[in-house]
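The values are calculated or read from the model by the stated rules, or taken from the named source; none is laboratory data. The structure displayed is predicted, hence computed values, not measured ones. A quick note on method: Cβ atoms are made from the backbone with ideal geometry, for glycine too, and the neighbour counts reach across all protein chains shown. Surface accessibility is based on the protein's heavy atoms, side chains included, excluding ligands, DNA and RNA. Shrake-Rupley method; radii C 1.70, N 1.55, O 1.52, S 1.80 Å.
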Amino acid sequence: MRKSGVRELCAAVVLSGLVLVGCDEVNSAVEQVEATGDKAAVCAEALQIVDLSVNVDPETVASGAEEKARQLQELAQRVTDQSVQETLFDIANGYLELERKKIDHLSDFSAWLERNLGRLDELRRACL
């Protein structure tokens, strides 16, 4: 009788270990899905904030630069993907640069726009 009890106890311990391992795997999968969902949501929101195109009006961009920088920084803090986070901070810094300089010359704005269109492309790649 005693051997039977030991076997049952051993079986219970082994099964509980398998259940715990299974739970860890499920939790890991759920975390990955949540991180992917967060990344997708942050990317979608960021692309709406950064509405740059080659035909953008410099005054329009400059007038909302500080607010866009703040929004992008908040998004960067929400996302766990390092590549997306770094790119969002880079774009936010670009907007802060525009705000600080209050770029008046079209050539300066063109250079700023070119840099930030490149950063936007980096964001798109990081979001894929």
Original post:
Scanning for something within 14 Å of L120 (Cα to Cα), over 15 Å from the mean Cα position of the chain (by Cα) and either open to solvent by less than 10 Å² (accessible area, probe 1.4 Å) or at pLDDT below 95 (or both), does region 73-91 turn up at least one residue?
Top reply: no
Subject >> When residues of region 40-72 are limited to those that are open to solvent by 70 Å² or more (accessible area, probe 1.4 Å) and polar (S, T, N, Q), the one modelled with the lowest pLDDT >> reply: N55
**OP:** Of the numbered conditions (1) outside any helix (DSSP H, G or I); (2) without any contact (Cβ under 8 Å) to a residue 60 or more places away in the chain, L52 fails exactly one; give the number of that condition.
**Re:** (2)
**OP:** Tell me, yes or no, whether region 96-114 has at least one residue that is open to solvent by 50 Å² or more (accessible area, probe 1.4 Å), modelled with pLDDT of 90 or more and touching a helix residue (DSSP H, G or I) at 6+ places or on another chain (Cβ under 9 Å).
**Re:** no
**OP:** Identify, by number, the condition in (1) surrounded by fewer than 12 Cβ atoms within 10 Å (Cβ to Cβ); (2) under 20 Å from D38 (Cβ atoms) that R124 doesn't meet.
**Re:** (1)
